[in-house]
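Take a look at the structure below.
The values are calculated or read from the model by the stated rules, or taken from the named source; none is laboratory data. Just so it is clear, the structure is predicted and the values come from calculations on it, not from any experiment. Don't worry about glycine lacking a Cβ; one is built from the backbone with ideal geometry, like all the others, and counts go over all protein chains shown.
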Amino acid sequence: MKSLVAFFSAGGTTAGLAKKIAGMTGSDLFEIVPEQPYTPEDLDWTNPEARCNREFRSGEDVPVSGQIESLDEYELIFLGFPIWYECAPNIINTFCKAYDWTGKSVALFATSGGSEMGETEAKLMPFMPGAKIVHTQVMPGGGEPKASKETAGNKGGKKHKHGKHK
Ligand SMILES: Cc1cc2nc3c(=O)[nH]c(=O)nc-3n(C[C@H](O)[C@H](O)[C@H](O)COP(=O)(O)O)c2cc1C
């Protein structure tokens, strides 16, 4: 059975885990790279106007650079990402929309600063109809504090209320 590890990683933690899983399972590796790379400013979730917060609030797609030639040849796909806002980053939704997942077995893995998968799987499923989730697992990540709906700011782009986050 041929397997693939597809992953997105902004800071390298999930990338490290993805490479380990690929090595252990003999899987091919595909990095999900945004067309527009994230800068450190883009990821500053303490700033309500940072790209990460704007994308979270809008739910917009994040275009992916390149694509997997043929997902058909894989029966099992390990799909990895950092937990953002207690969920998968938008780019994972965008990635999933590009392929036919019918009959695929999918193992979700993530790194986080402490959050569990929560509703991640349920929110992802509409973008991968026909896939069967066979496993989900979160590993400790970079130990960053949690970003949440609250820290992402309000729809109106007002400053978030939590002064303790600076
Ligand atoms: C925009 C953003 C949102 C985040 N949201 C959460 C979160 O909701 N819960 C959590 O435990 N960690 C959160 N984190 C921390 C990351 O999940 C964690 O550091 C992860 O290991 C980073 O993986 P990477 O280095 O592969 O990008 C967030 C990080 C960023 C940049």
Next on the checklist: Against the condition out of contact with any helix residue (DSSP H, G or I) (no Cβ under 9 Å at 6 or more places or on another chain), closer than 22 Å to residue 105 by Cα, at pLDDT 95 or above and within 15 Å of the ligand (Cβ to nearest atom), how does residue 18 come out, does it pass?
Outcome noted: yes
Item to check | Residue match in the range 63-76 (condition: crowded, with 21+ Cβ neighbours inside 10 Å, in contact with a Pro (Cβ under 9 Å, 6 or more places away or on another chain) and not acidic (Asp, Glu)) | outcome: no
Next on the checklist: Criterion first (within 12 Å of the ligand (Cβ to nearest atom), farther than 23 Å from residue 129 by Cα, surrounded by fewer than 18 Cβ atoms within 10 Å (Cβ to Cβ) and without any contact (Cβ under 8 Å) to a residue 40 or more places away in the chain) does residue 39 satisfy it?
Outcome noted: yes
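Using the structure shown, decide if residue 46 is in contact with a His (Cβ under 6 Å, 6 or more places away or on another chain) and either within 14 Å of the ligand (Cβ to nearest atom) or not in a loop (DSSP other than H, G, I, E, B) (or both).
yes
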Item to check | Restricting the range 118-156 to residues that are over 25 Å from residue 16 (Cβ atoms) and touching a Pro at 6+ places or on another chain (Cβ under 9 Å), the residue that is modelled with the highest pLDDT | outcome: 152
